[in-house]
2 protein chains.
Amino acid sequence: MQAQECSKLDPRIRRTRHLLQDSLRHLLEEKELEEISVQDITERATLNRATFYAHYTDKFALLEEMIRVNFLQLLEKRNVRFDGTCPSALRAVILAVCDFLVDFQPSISTRQHQFGPFLQTTVIDQVRIVLLDGFQRHPVNMRASAEVIAATTSWAIFGAAREWASDSKRVPPEDFVSLALELIGPILATVA
Amino acid sequence: MQAQECSKLDPRIRRTRHLLQDSLRHLLEEKELEEISVQDITERATLNRATFYAHYTDKFALLEEMIRVNFLQLLEKRNVRFDGTCPSALRAVILAVCDFLVDFQPSISTRQHQFGPFLQTTVIDQVRIVLLDGFQRHPVNMRASAEVIAATTSWAIFGAAREWASDSKRVPPEDFVSLALELIGPILATVA
DNA sequence: TATATAATGTTGTTTACACAACATGTGATG
DNA sequence: CATCACATGTTGTGTAAACAACATTATATA
């Protein structure tokens, strides 16, 4: 059901998944997730409904992949690698989450029922993986296991970013990231 | 190789042909037709080269269909039916050809080698068919066979429209059509 | 309660596409 | 002339998508 080096995958599969993701993206601009049926998605994608089930178990799986891929593409585009525990690496990750939320969730207030939680868990999980990957490639002494640090940090980042993004009179993202960094940085500060 | 009620055609076939036509359309905005290979077309369409040959014999066949479909869609959109020999029906046809040339051939001077002749024969042939179809559904006495009248008229329309379209200081299309109508109308005037 | 409507999943068969391989042709460069 | 690079067509085999059909579940409506 999953990735397998997106690049060397059958073009028909890539195209089909892309069509489904595009379809859902557009439908979400018109309707709530609850109002969107698999039928709707495949119709707009000019695909058969049975084909959908060959790729995803339900619309939530599609949404999950969509969010995940989009977020990773944003990181990729900005060359965010988390190659160390220096503040600048963390800064880039936080900024990416902030910008992603603004892009992807333009009407956060109207998207509370099923969409919000999905975005949340998916983004947090990706951030967690990015952090964990960074810790493993650049090991440092820490007050707790890398897993706990990564989990705590990723939730903190999302929580901060979400609060900022939902503020109608929010400050510029760069300014906010500096503030967030002061709060979040200490979580992964190495022992003296 | 051909249509078969576009609507009840396998979606995969419709999608493939649409992708190929889109691809060629975009490539023509960057290169000359001579510089475009089947390889280029299928690459941009994310299709296999062999698939191209399952649909078209060569890039000219693709171009032919592309022009034909686009022109017919323009007629469709304007509800041009040529339901009679009255001047207004002919006016609509001439106007459609004028607008199509302006849309489709923005840089006529740079497209002379292979592209121009193809556009030409394809559009003329479609106009001829539209006229012939109109004659058959609304028969009238004429000075010559419907075939000869239709052929002569279609070439005259294209010739006039092309001359107008290639004029950098051309008058508005509506004005030109009135003039063209005076020249072309007499071709299909019925006997007294 | 019955029943209509609509969505979800699943299955088997048919058709279209991907791909590698090969033959052929053509122009450029040594 | 050789040969390198590249484009055109074609073929056989494997895989993905289309489609109809069916069972299931849920939500209305009479």
In what sequence do B:Val38, A:Val171, A:Val130, A:Val97 fall when counting other Cβ within 10 Å, fewest first? A:Val171, B:Val38, A:Val130, A:Val97
Using 7 Å Cα-to-Cβ label points, what is the A:Glu35/A:Val140 separation (nm, one decimal)? 4.8
Mean-square fluctuation check for chain B, GNM, Cα pairs under 10 Å: which of B:Thr153, B:Thr51, B:Thr121 is largest? B:Thr51
Which whole number gives the average count of other chain Cβ atoms within 10 Å of the Cβ atoms across peptide B:14-21? 1
Suppose you put the label 7 Å out from Cα in the Cβ direction; list, shortest first and in nm with one decimal, how far B:Ile13 is from each other copy's label. 2.8
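Kyte-Doolittle mean at least -0.5 and Cα extent at least 27 Å along the axis: which DSSP H helices of chain B qualify?
Counting only whole DSSP H runs, the qualifying helices are B:59-78, B:115-137, B:146-165.
What number in nm² do you get for the stretch A:17-172 if you take the convex hull of its Cα atoms and divide its surface by four?
10.2
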At 7 angstrom along the Cα-to-beta-carbon line, where would the label on A:Asp99 sit relative to the other copies? Give the distances in nm, shortest first. 4.2
Quickly estimate the mean residue ellipticity at 222 nm for the protein assembly as shown, helices only: each DSSP H run with n ≥ 4 gives -39500 (n - 2.57), and the total goes over all residues, rounded to 500. -21500 deg cm²/dmol
Want the number for B:Asp83 to B:Val69: 0.36 nm per residue separation, take away the alpha-carbon distance, what's left? 3.0 nm
The FRET efficiency for B:Val148 and B:Glu76, from their Cβ-Cβ distance with R0 = 30 Å and rounded to 0.05, is 0.65
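Here, each number is a calculation from the coordinates, and none is a lab measurement. Quick caveat, the model's predicted, so the values are computed rather than measured. We place every Cβ from the backbone using ideal geometry, glycine too, and count neighbours over all the protein chains shown.
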